[in-house]
Structure formats: structure tokens, C-alpha cells
Amino acid sequence: NAGVTQTPKFQVLKTGQSMTLQCAQDMNHEYMSWYRQDPGMGLRLIHYSVGAGITDQGEVPNGYNVSRSTTEDFPLRLLSAAPSQTSVYFCASSYSWGGAGGYTFGSGTRLTVV
Amino acid sequence: EDQVTQSPEALRLQEGESSSLNCSYTVSGLRGLFWYRQDPGKGPEFLFTLYSAGEEKEKERLKATLTKKESFLHITAPKPEDSATYLCAVQARNNNDMRFGAGTRLTVKP
């Protein structure tokens with residue numbers, strides 16, 4: 001089992017560029033989510049999905065789009081990168097929302113916007 | 001608004017020196033409180049879920065406890081491999097967000 005796979009691991013963007021962070025899981029989990037982690041702050045929820053075709057906003061959704069066309073994949077799109085989006089991004093999944101087993105996280109994408 | 005505060009921010013222990021990490025929370029109806037371990041450059045790894053005051057969970061040298069306002073992660077006789085950042089998170093019954101604290105960075109010296 002690969003678990004949750006995120007690509008790329010590192011990325012440098014120029015202000016105004018767009019890109020997609022990829023997330024795939026092979027555990028047949030219904031719930032998937034994207035978090036960002038900044039120094040001195042807790043993980044903050046960007047967007048989440050409770051199943052294919054269903055997405056919703058989290059705490060910090062501005063500047064990001066998501067879609068969920070399959071159970072396995074949950075890409076995060078940065079529409080026009082800004083320096084404030086420099087962060088480490090984590091994708092997480094679980095069998096269901098609020099699952100007792102917690103979330104399974106990917107290894108993260110470290111994004112720098114210059 | 002749901003809030004999670006972890007203390008201390010950083011903790012340095014000698015190998016074998018037991019201690020506790022604190023997680024204070026405010027949430028409108030607790031669905032669950034979660035503890036994770038995060039190693040540098042990696043994603044968080046799930047440790048425990050606690051649901052109600054008085055509940056305890058154990059795993060090797062770690063024991064998590066829960067009251068109505070806080071949770072403790074007790075580390076007994078820690079080893080250098082226990083060095084990591086420990087994250088606490090709460091989930092409310094009425095929303096999909098898991099709110100995380102900023103974490104406690106634990107260093108265990110041999």
C-alpha cells in the first residue's frame with residue numbers, strides 16, 4: 001500500500017504563475033482534504049471532499065481550487081500564486097469524515113513563491 | 001470559534017526523563033481529540049483518538065488522557081527516537097474541520 005502520495009515534493013513558482021499539486025490515495029478513502037502548514041501555526045484546512053463529486057471550503061480557501069472526479073485523486077490548484085502561499089502543503093485522507101483512526105497524511109509539498 | 005493551544009512550544013529532555021505535553025482546547029461539542037506525531041520533512045502520523053473526559057489511550061511509552069478542557073500526552077522514560085513534533089487536534093460535532101494546535105517540539109538527548 002502506497003497510502004497517500006503527493007507530487008511534487010518541492011516547487012518554486014513565480015508570482016502570478018499557476019500550478020496543480022497532486023494527491024492520490026489507494027486506500028479507498030471517501031474523505032480527503034488539503035492543509036497548509038506554516039511556522040508557528042497549526043495545520044489549516046484549505047478544502048475538503050467527502051466523496052467523488054463533492055467538495056467544500058475549509059478555513060483558508062482563497063486562491064485555491066479543488067475538484068474530486070474520482071475517489072483516488074484530489075488535486076489542489078493554485079490559480080495565481082502569491083508569496084503568501086509559500087508554505088508546506090499536506091494532503092490527508094480517511095475512511096470517513098471524523099474517522100476514529102485519524103487521518104493518513106502524505107509527505108507534503110514544499111512550495112516557495114518568489 | 002474552536003481553538004487549540006499546545007504547551008510548551010519546545011521541550012528538551014534527557015533520555016529516561018519522563019514529562020507531559022499539554023493541549024488546551026475550546027470547542028462547541030467535542031467529537032474527538034486527536035494526537036499526531038510529525039517527524040521533520042514528513043507528514044503527521046496518527047497516534048490516538050480520545051472521545052470523552054476520563055478516557056486514556058496508551059502506545060509504548062506514550063499515554064494520552066482527556067479532560068473537559070485539556071488533554072495530556074505523557075511520555076514515560078523517553079528515548080532519542082521519541083524526538084519529534086507532537087500535534088493535537090480537535091474535531092467538533094457540527095463541522096468538518098479538524099482544528100490543529102501549533103505543536104510541541106520534543107527533543108530527547110541520549
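Each of B:24, B:48, B:75 was scored by the projection of its Cα onto the charge dipole of the range B:22-97, and the greatest displacement toward the positive side belongs to B:24; charges sit on the C-beta of Lys, Arg, Asp and Glu. Buried between A and B is an accessible area of approximately 1700 Å², summed over both sides with a 1.4 Å probe. Dipole check for chain A: with +1 at the C-beta of Lys and Arg, -1 at the C-beta of Asp and Glu, and the Cα centre as origin, the magnitude is about 400 Debye. Remark: the range A:37-49, residue by residue, has Karplus-estimated 3J(HN,Hα) of 10, 10, x, x, 10, x, 4, 10, 6, 9, 9, 9, 9 Hz, where x stands for each Gly or Pro and the curve is 6.51 cos²θ - 1.76 cosθ + 1.60 at θ = phi - 60°.
FRET efficiency for the residue A:28 to residue B:19 pair, using the beta carbon distance and R₀ = 41 Å, is estimated at 0.55. Based on DSSP loop calls and a cut-off of at most 11 other Cβ atoms within 10 Å, the longest stretch of chain B free of exposed trypsin sites (Lys or Arg not before Pro) is what? Longest gap between qualifying sites, sites excluded: B:1-67. Between the listed residues A:19, B:89, B:103, the Cα displaced farthest toward the positive end of the dipole of the protein assembly as shown, a dipole computed from Cβ unit charges relative to the Cα centre, is found at A:19.
Shown here for the range A:23-104: trypsin sites (Lys or Arg not before Pro) in loop regions (DSSP other than H, G, I, E, B) with at most 16 other Cβ atoms within 10 Å, of which there are none. Loop-located GluC sites (Glu not before Pro) in the range B:45-110 (DSSP state not H, G, I, E or B) with no more than 16 neighbouring Cβ atoms inside 10 Å: B:55, B:60. Taking the three principal axes of the alpha carbon atoms in the range A:45-93, the coordinate ranges are 31, 18, 17 Å, sorted in descending order. Here the Karplus curve 6.51 cos²θ - 1.76 cosθ + 1.60, taken at θ = phi - 60°, turns the phi angles of the range B:62-76 into couplings of 10, 9, 10, 10, 9, 10, 6, 10, 7, 10, 10, 10, 8, 10, 9 Hz, with x standing for Gly and Pro.
Evaluated at q = 0.12, 0.20, 0.21, 0.24 Å⁻¹, the base-10 log of the normalised Debye intensity for the range B:30-95, with identical point scatterers placed on the Cα atoms, takes the values -0.31, -0.81, -0.87, -1.07.
How would you classify the protein assembly as shown from its alpha-carbon gyration tensor, with a ≥ b ≥ c the square roots of the eigenvalues: rounded for a/c under 1.5, else prolate if a/b is greater than b/c, otherwise oblate? Prolate, because a/c is 1.5 or more and a/b exceeds b/c. The range A:9-68 and the range B:19-85 have Cα centres separated by 25 Å. In this structure, the pairs whose alpha-carbon distance is over 30 Å, taken from B:42/B:79; B:42/B:109; B:57/B:79; A:9/B:63; A:14/B:42, are A:9/B:63. Think of chain A as having a plus end and a minus end, set by charges on the Cβ of Lys, Arg, Asp and Glu; of A:42, A:32, A:67, A:42 sits farthest toward the positive end of this dipole.
The values are calculated or read from the model by the stated rules, or taken from the named source; none is laboratory data. Remember, predicted model here, so these are calculated numbers, not experimental data. Here the Cβ is made from the backbone with ideal geometry for all residues, glycine too, and neighbour counts use every protein chain on show. Areas reflect the complete protein model, heavy atoms only, side chains present, ligands, DNA and RNA absent. Shrake-Rupley method; radii C 1.70, N 1.55, O 1.52, S 1.80 Å.
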